[in-house]
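Engineer: A single structure is presented below for examination.
The values are calculated or read from the model by the stated rules, or taken from the named source; none is laboratory data. Given the structure is predicted, the values throughout are model-derived calculations rather than measurements. When we count neighbours, we look across all protein chains shown, and the Cβ atoms used for this are built from the backbone with ideal geometry, even at glycine. Only protein heavy atoms, including side chains, enter the accessible area calculation; ligands, DNA and RNA are left aside. Shrake-Rupley method; radii C 1.70, N 1.55, O 1.52, S 1.80 Å.
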Amino acid sequence: MKNNKIFLVFNTAAFGDVLLCNSLCQNIRINFPEAKIIFITDKSFVDVAKYQEAVDEVISYDKKGIHRGIKGMFKFVRNFPYKQPYCAFITYKNERNFVISLLLRAKNIITPKKLYYANVQLAHTLLLNKLKGTTVKNLPIRYNVPESMLNHVKSIINIPEKYIVLCALSKNPEKDMPLETAIELIHRINSTSFKTIFVGAGSKAETFADALLKAGCKFVNLVNKTSIPELGAVLKKSTCLISVDTGTMHLGCAVACPVIALFYRTNTVPIWAPNPELYSAKVISDNFSAENIFKCALDIIEGEKNESAISI
C-alpha cells in the first residue's frame, strides 16, 4: 500500500523507551492531522504502544521468534502492510530498523545523530524537526488505558480505596531501593489513611516481596499479577507512585499519576528523569532515606489536593 501520510515510529528497545516516544507521536498528529501513525515495537511491548495517545496501529517485531535473524527480517518486510510510507523514525540508532525502512522504501528515514542524549523524550520529539516545515513541542506522554482494565483488576484482586504504589526494583541492581528502606517506607505509608500496593515483575521482585512479608510489612502484592495495561489502570487510580528509575515510573507519568522518581544512579537524571514542568513529579537524587521519600510523597499528594481545590 502506498500512502504518503503513513508515518512509522520504530522503538524495539524496552518498556520505558517505548513510552518515551509518545511526545513524538503526538507531534506528528499535530503537524499531520490526517496521518496514520504506525508504531513498530518488540513483541513484548505491543501493549505499551497500543494505548498511547495518537498511535493508530501497533505492529509487532518478534525479534526472538518469527522475525529472528536475516530471514525473519525479510519476512517482516514482505508481510508489512504499509509499503512506501511517507516517513520512518528510527528513535535509536538501530541498523535493523534502518534496513527495514530502506526495504520498505520509506520516502524519508530519520535517525538520531547520537546514541545517548541529554534527555531521551525530548530527543525523540526533536526528530520531527528534521522534516521540513514542522514545528515541535515537548508534550507529556499519554497512555490512555481503558477503564475496563481497572474493573478487571478489582474483580480479581482486593484493591484498597486509597493507596500508594511502590516500585522498588529495576533490571539494574544499582538503581534498586535497599530492602531496609522499602520496609521502613511501607510501615510509614501504612501508618496513614493510605495502603501500600507493591508492584514488580520477575523472580527478583518475588524474592523482594517475600522478604518484605517476612519483615512484617503489610501490602497488596501485585508482583507478576498484572499486564502492562492493568498496571496502568492501577497507577491511574493511585494517589501516588513511588518508583525507582524503570518503565513503571514512566507509565505512572503517562497516566498522569503523581510520581516520586528515585534516581540512585544520579548521572542518569538528565537522560531519563521526568520533567517536572510536564508531569506531577518529584525527582530525588540524594537523601534516599525513607523519611525523606515519605515526606516528598505527602508533599506531592497535598499539592495535588490544593490544585484540585483551585480548579473547582
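Engineer: Conditions: (1) within 27 Å of Asn221 (Cβ to Cβ); (2) under 19 Å from the mean Cα position of the chain (by Cα); (3) open to solvent by 50 Å² or more (accessible area, probe 1.4 Å). Ser148 meets all but one. Number of the miss?
Structural biologist: Condition (2) is where Ser148 drops out.
A quick yes/no check of all residues on (1) part of a helix (DSSP H, G or I); (2) of a type in the set (A, V, I, L, M); (3) at pLDDT 95 or above; (4) over 18 Å from Leu126 (Cα atoms):
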residue	(1), (2), (3), (4)
Leu24	yes, yes, yes, no
Val48	yes, yes, yes, yes
Val58	no, yes, yes, yes
Cys87	no, no, yes, no
Tyr92	no, no, no, no
Ala106	no, yes, yes, yes
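Engineer: For the condition surrounded by 23 or more Cβ atoms within 10 Å (Cβ to Cβ) and either of a type in the set (A, V, I, L, M, F, W, C) or without any contact (Cβ under 8 Å) to a residue 60 or more places away in the chain (or both), what is the one hit in Cys257, Cys217?
Structural biologist: Going through Cys257, Cys217 in turn, the sole match is Cys257.
Engineer: Take segment 151-174 and flag every residue that is within 27 Å of Arg265 (Cβ to Cβ), open to solvent by 40 Å² or more (accessible area, probe 1.4 Å) and in contact (Cβ under 8 Å) with a residue 60 or more places away in the chain.
Structural biologist: The answer is Lys171, Asn172, Glu174.
Engineer: While we're looking at this one, here's another question. Of (1) surrounded by 13 or more Cβ atoms within 10 Å (Cβ to Cβ); (2) modelled with pLDDT under 95, Asn138 satisfies all except one. Which?
Structural biologist: Failing condition for Asn138: (2).
Engineer: Mind checking which pairs have a first residue in segment 116-132 that is on the phi < 0 side of the Ramachandran plot and a second that is modelled with pLDDT of 90 or more and open to solvent by 70 Å² or more (accessible area, probe 1.4 Å), Cβ under 7 Å, 6 or more apart or different chains?
Structural biologist: Qualifying pairs under 7 Å: Ala118/Pro270; Asn119/Pro270.
Engineer: Let me ask another. Looking only at residues that are in a loop (DSSP other than H, G, I, E, B) and in contact (Cβ under 8 Å) with a residue 60 or more places away in the chain in segment 68-85, which one is surrounded by the fewest Cβ atoms within 10 Å (Cβ to Cβ)? Walk me through how you get there before you give the answer.
Structural biologist: The first filter runs over segment 68-85 and keeps only residues in a loop (DSSP other than H, G, I, E, B), leaving 68, 80-84.
Still in the list and also in contact (Cβ under 8 Å) with a residue 60 or more places away in the chain: 81-84.
On the way: Pro81: 9, Tyr82: 19, Lys83: 14, Gln84: 13.
That would be Pro81.
Engineer: Would you mention how many residues in segment 49-67 are touching a residue at least 24 places away in the same chain (Cβ under 8 Å) and within 15 Å of Phe80 (Cβ to Cβ)?
Structural biologist: The number of residues fulfilling the criteria is 2.
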